[in-house]
1. Mind sorting K49, K188, K43 by how few other Cβ atoms lie within 10 Å of their own Cβ, fewest first?
2. For segment 90-123 and segment 139-173, what is the centre-to-centre distance using only Cα atoms, to the nearest Å?
3. Work out how much length A305 to E238 would gain on full extension: take 0.36 nm times their residue separation and subtract the Cα-Cα distance, in nm to one decimal.
4. Please list, ordered by chain and number, the residues whose modelled amide H lies under 5 Å from the amide H of G115; skip anything fewer than 5 residues away on the same chain.
5. Lysines near K312 by alpha-carbon distance under 24 Å, same-chain residues fewer than 8 away left out - which ones?
6. Mind giving me the FRET efficiency for N64 and F287? R0 is 22 Å, r the Cβ-Cβ distance, nearest 0.05 is fine.
7. Whole percent per 10 Å bin, from 0 to the bin with the longest distance: what is P(r) over all C-alpha pairs of segment 102-208?
8. Could I have the simple spin-label model distance between A182 and E29, label points 7 Å from Cα toward Cβ, reported in nm to one decimal?
Amino acid sequence: MAKQYTNTGNKDTRSGFGAGLLEAGKQDERVVALTADLIGSLKMDAFAKEFPQRMFQCGIAEANMIGTAAGLAITGKIPFAGSFAEFVTGRVYDQIRQEVAYGHTNVKIASSHAGITLGEDGATHQTMEDIALMRALPGMVVINPCDYNQTKAATIAAAKYDGPVYLRFGRPSVPNFTPEDAPFEIGKAYCMNEGEDVTIFATGHLVWEAITAAQELEKEGISAEVIDIATIKPLDTEAVIASVKKTGAVVCAEEHNMGGGLGEAIAGTLAASYPAPMEFINGGDRFGQSGTPAKLLEAYGLDAAHIVEAAKKAIARK
């Protein structure tokens, strides 16, 4: 029987980051925060109020912000540098590559408003390529948590991790369903529902859609295993292979384009170790557009209904 999850109230994952940042700051005085004129949008307000001497407003100068964060890391601080996902990746990729990844400096890149669920701001502010960019950098950890509670826990875990981290979260209010006190382990996949017929790997906002899909599939006599891939890099390859050996069919769901994201990471792992029929739920090869988050998820095929259909296709290919 599909496991039932209780939504304790819709919350935006960026607020989970803000809560986690404040807690990390309380736990370790080395934690500092930088932002490119977006303290409010990234929910850094509480940290700025509690630790005004550890909050750096860099203005709309993301490249300078990343360079400053790298310098602070070299002096022993633990900097969280935050902006919209589009601006803190594409706009400053050279600085991230040269000053953070290449030097393996202890910088945490806090990436808000990721994916198409940013909504009405449209394609110029949305990004569906950021995971690909960050995955390509040697030594970069890539984390995409699924709800408020997991984002808070992931932020605290990132502060304790020694090395560069890309932490991705979003703007819309989404179901908050993971336990408030659940620990977060970087590099670990989480089984949300055990199943026998198909494995649904999902990340970020699409974990809830995958859980909903599993409940719908159960009504049709299909047993779906749902795995939350909160850490896309390093990927929990043991958990991936173990689940697919059990089910023999795969769906991978992500709020990201087809190139370079979770789907390709899973496919590469299975191709080398345990090939299986696989269907992909992603944004395809296109940019975002303006619309409400719910309408955009439907338009791009990133909802529970499309996951259900993909699961049936994967099973049929066994």
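Coordinate-derived values only; no laboratory data. This structure is a prediction, so every number in the text was calculated from the model and none was measured. Here Cβ is always computed from backbone atoms with ideal geometry, including for glycine, and neighbour counts include all displayed protein chains.
1. Values: K49 11, K188 15, K43 24.
Fewest-to-most Cβ neighbours within 10 Å comes out as K49, K188, K43.
2. Going from one Cα centre to the other spans 13 Å.
3. Details: separation 67, 0.36 × 67 = 24.12 nm, distance 2.85 nm.
Extra length from A305 to E238 when fully extended: 21.3 nm.
4. Answer set, sorted by chain and number: T127.
5. Of all the lysines, those that pass the test against K312 - Cα under 24 Å, at least 8 places apart if same chain - are K3, K219, K245, K246, K295.
6. Values: r = 27 Å, r/R0 = 1.23.
Between N64 and F287 the formula returns 0.20.
7. Each 10 Å bin holds this share of Cα pairs: 13, 43, 34, 10, 0.
8. My value for the distance between the label points is 3.5 nm.
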